[in-house]
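Heads up, the thing below is written out as structure tokens.
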Amino acid sequence: MIRCATAADLTLLPAIEVAAGAPFRELGMTLVADDAPPTVAELEPALRDGRLWVATVEGAVAGYAVADVVDGTAHLEQVSVDPRWAGRRLGAELIEEVARWAAVRGDRWLTLTTYAEVPWNGPYYRRLGFEPIPDAEVGPQLRAIRAGEAARGLDAWPRLALRRPPAAVR
Ligand SMILES: CC(C)(COP(=O)(O)OP(=O)(O)OC[C@H]1O[C@@H](n2cnc3c(N)ncnc32)[C@H](O)[C@@H]1OP(=O)(O)O)[C@@H](O)C(=O)NCCC(=O)NCCS
């Protein structure tokens, strides 16, 4: 089940992100696996703005997604699912929820940045309808996000910016 996060969920989310990062270690992407998760304080504005969602399994919080507005359009900042609950389409359902939020906002695109070649990143998002953003159409804020990622060393493996139109409002 996907629902809006509550204040009580916040303390659970950093550990979910750490757990979700662990598979990167198996690809030798230690830097990514060790990238610090957001703090509760960093998640609070998203909670307040209604752009933070959790996926639950029998009441337990198994994953989360956080969105933001970048260059005036919806941006998927992070989606993480605890590997114990991987492969149940929770990630896909969280992304659809973010896409619905984007649709309600009237946004043209839902954007994100990800690893091009990691199987559960670029190829996964492509299967969910995302396509590369032509370089000339990457806006200044998204460009700044990419520069920040590069500065943190995260570009040691190919990264790219993707987008898809938001879902139709249901
Ligand atoms: C990306 C993520 C949210 C997907 O969560 P999930 O609930 O398992 O997602 P789903 O069940 O919807 O789908 C998982 C997909 O990843 C693929 N996948 C997962 N692990 C994989 C692996 N080791 N090798 C190949 N494919 C893999 C599955 O085949 C599946 O794709 P498909 O169903 O389209 O064929 C989760 O893997 C995660 O938290 N990863 C770490 C954080 C991350 O990379 N976030 C996204 C970038 S910021």
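Coordinate-derived values only; no laboratory data. What you are looking at is a predicted structure, and each value in this text was computed from that prediction instead of being measured. Every residue, glycine as well, gets a Cβ built from its backbone with ideal geometry; the counts of neighbours run over all protein chains shown.
Here Met29, Met1 are placed in order of increasing Cβ neighbour count within 10 Å, fewest first, which gives Met1, Met29. Between Thr56 and Ala150, full extension at 0.36 nm per residue minus the direct alpha carbon distance yields a gain of 30.6 nm. Helical content alone sets the calculated 222 nm signal of the chain at -10000 deg cm²/dmol, taking -39,500 (n - 2.57) per DSSP H segment of four or more residues and averaging over every residue. Within the listed set Asp82, Asp35, Asp135, the residue fluctuating most in the Gaussian network model of the chain (springs between alpha-carbon atoms under 10 angstrom) is Asp135. Taking GluC sites (Glu not before Pro) across segment 94-153, the ones in a DSSP loop with at most 15 further Cβ atoms lying within 10 angstrom of their Cβ are Glu117.
One chain, two ends: Thr6 and Ala116. Fully extended at 0.36 nm per residue, the span grows by 36.4 nm beyond their Cα-Cα distance.
Potential lengthening of the chain between Tyr124 and Asp71 amounts to 16.7 nm, from the contour at 0.36 nm per residue minus the alpha-carbon distance.
Compactness check for segment 2-164: Cα Rg over 2.2 N^0.38 Å is 0.98. The loop-placed GluC sites (Glu not before Pro) in segment 1-78, going by DSSP, that have at most 15 neighbouring Cβ atoms within 10 Å of their Cβ come out as Glu58.
With each label modelled as a point 7 angstrom along the Cα→C-beta vector, the Ala22-Arg105 pair spans 3.2 nm. For a modelled paramagnetic label at Trp157, 7 Å from Cα along Cα-to-Cβ, the residues of segment 23-45 in reach, with backbone nitrogen under 14 Å, are 23-35.
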